[in-house]
Amino acid sequence: MSKKLAEIRSILEEHHAMISKAIPLIASENITSPAVDEACICDFSHRYAEGWPGSRVYAGCKYIDKIEVLCQDLMKEYFQCNFADVRPVSGVMANLVLYNAFTSRNNGKMCAMPIPKGGHISHAPFQASSGRLIYGTAGTVRGLEVKYLAFDEENMNIDPDGSIKIIREFKPELILFGASVFLFPHPVKELREVANEVGASIGYDGAHVAGLIGSGYFQDPLREGADALSLSCHKTLPGPQTGAVIADREDLIEDLKNAAFPALFSNHHLHNVAGLAVALTEMLEFGKDYHKNVIENAKAFAQALHERGFKVLCEHLGFTESHQVVVDIAEFGKTVGLGGDIERILEEANIIINRNLLPWDIREGRHYMNPGGLRLGTSEVTRLGMGKSEMGDIAEFFKKLIIDKQSPAKVKPEVAEFRKEFNEVKYCFQTPNKAYEYLKLF
Ligand SMILES: *Cc1c(COP(=O)(O)O)cnc(C)c1O
């Protein structure tokens, strides 16, 4: 074997060994089932099929078309809507489809969640970096002028009254809801009227909460007044890394289709469409149970951290209505260091989280590389079969490492021992699966 090939295989093996002993708490991540993994390594990954099923630019698409139509139908069933485009290869790409469909080419205007308060980089007009202006996706690719919606820091949500004023004055073409820090449903209903008044469309970036919406536990944006949703399919919706656009209004369908292809990409990732179709069959069967537990675990985890002395945001609102928990760790700044440091300490014990800006961080002189917050998510640990009592165990690990300052090297074997019982993906059909055996043997 080539030396480099051996090296590649051995690095992958090390990653698998690490992640299988870890506690994965990154809110944007999840784990796919054996059946999804199998679909994702099928021959579709070698093929081209530009366009819409039935009107492709390539031959050989008979089965690809069948799967893509099936996947669209499953999406429509899961989200109860008329239209689903499963071609955008990521959530950002799905956002671009909305920008293309709902804003004009020059001087386009959008209102979205402020980035420092949980908005996504793909909503950004620009970002200053080492004195240079680096434009975010909305700014660079689409040239949008973006004005942020008003934000209520205490309730960690969009402030409807403040936002109505901004929208009246700015007159955007698109109002985009949705965020990366997303604890509570956004006020879509409350802003539909002002959107009509200024002639704006309403988009909803459901990248994080797609699964919660599909299973019926978050808000239902299409019924509350959103014209279209952009989704990632691999966060609370546990599919492969890909994106989608959904909508309910017949009159938007052609525009949304064209805004994706040929406007934004040529081929899409056909194997991931197959994987997404499988994931949707799982969520139609097990999603109610799974996502109920994801949210219950998030609440239990928040409570358990709170009881151990952590400052979890929004206690007055029951901490969270989603898969996320946000913790303010600024008070540990003097002893342990801020977000960056705590992230490293946890990682050394094999607890994988990410640091996050809190709404007031920049005002208080903190930086996105070393912010005052942690954003934690329960999607993956729930999929691995953990329940409320395990949320208490994980909170205890946090206490040992951050409050009691035990050494990560001492806690790491305890984490591995704890994880031993949770090495199977739940909430899916049990299928014999060669791909999975291969991955496990790898
Ligand atoms: C994660 C995220 C995205 C981007 O998703 P990708 O699939 O990684 O491109 C878009 N919007 C929000 C709010 C997100 O959190």
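The values are calculated or read from the model by the stated rules, or taken from the named source; none is laboratory data. Keep in mind the model is a prediction, meaning the values are calculated, not measured. Neighbour counts are summed over all protein chains in view; Cβ atoms, including those assigned to glycine, are modelled from backbone coordinates with ideal geometry. To get the accessible areas, we keep the full protein, side chains included, count just its heavy atoms, and leave off ligands, DNA and RNA. Shrake-Rupley method; radii C 1.70, N 1.55, O 1.52, S 1.80 Å.
Annotation note: of Asn100, Asn107, the sole residue that is assigned to a helix (DSSP H, G or I) and either among the aromatic types (Phe, Trp, Tyr) or modelled with pLDDT of 70 or more (or both) is Asn100.
Here is a yes/no grid of residues against (1) over 23 Å from Ala94 (Cα atoms); (2) open to solvent by less than 20 Å² (accessible area, probe 1.4 Å); (3) away from the ligand (no atom under 16 Å from the Cβ):
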{"site": "Ile158", "(1), (2), (3)": "no, yes, no"}
{"site": "Ser163", "(1), (2), (3)": "yes, yes, yes"}
{"site": "Glu169", "(1), (2), (3)": "yes, no, yes"}
{"site": "Gly178", "(1), (2), (3)": "no, yes, no"}
{"site": "Phe182", "(1), (2), (3)": "no, yes, no"}
{"site": "Pro187", "(1), (2), (3)": "no, yes, yes"}
{"site": "Leu191", "(1), (2), (3)": "no, yes, yes"}
{"site": "Glu197", "(1), (2), (3)": "yes, no, yes"}
{"site": "Tyr204", "(1), (2), (3)": "no, yes, no"}
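A single entry from Gly119, Gly108 fulfils the requirement of being within 12 Å of the ligand (Cβ to nearest atom) and either assigned by TED's automatic domain parsing to the domain that holds Leu176 or in contact with a Pro (Cβ under 7 Å, 6 or more places away or on another chain) (or both): Gly119. Considering Ala6, Ala17, Ala27, the condition of being open to solvent by 30 Å² or more (accessible area, probe 1.4 Å), within 22 Å of Gln241 (Cα to Cα) and not assigned by TED's automatic domain parsing to the domain that holds Gly119 is satisfied by Ala17 alone.
For (1) exposed (fewer than 15 other Cβ atoms within 10 Å of the Cβ); (2) part of a helix (DSSP H, G or I), each residue gets a yes or a no:
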{"position": "Trp360", "(1), (2)": "no, no"}
{"position": "Glu364", "(1), (2)": "yes, no"}
{"position": "Thr382", "(1), (2)": "no, yes"}
{"position": "Phe397", "(1), (2)": "no, yes"}
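Cβ-Cβ contacts under 7 Å between residues 6 or more apart (or on different chains), taken from a first residue in the range 77-94 that is near the ligand (Cβ under 8 Å from one of its atoms) to a second residue that is open to solvent by 10 Å² or more (accessible area, probe 1.4 Å) and not in a loop (DSSP other than H, G, I, E, B), are listed as Val92/Thr137. Listed by first and then second residue, the pairs with beta-carbon distance under 8 Å, at least 6 apart or on different chains, first residue in the range 151-179 and of a type in the set (Lys, Arg), second crowded, with 24+ Cβ neighbours inside 10 Å, are Lys171/Ala200. When the range 206-227 is limited to residues that are within 11 Å of the ligand (Cβ to nearest atom) and of a type in the set (Gly, Ala, Ser), the one that is surrounded by the fewest Cβ atoms within 10 Å (Cβ to Cβ) turns out to be Ala207.
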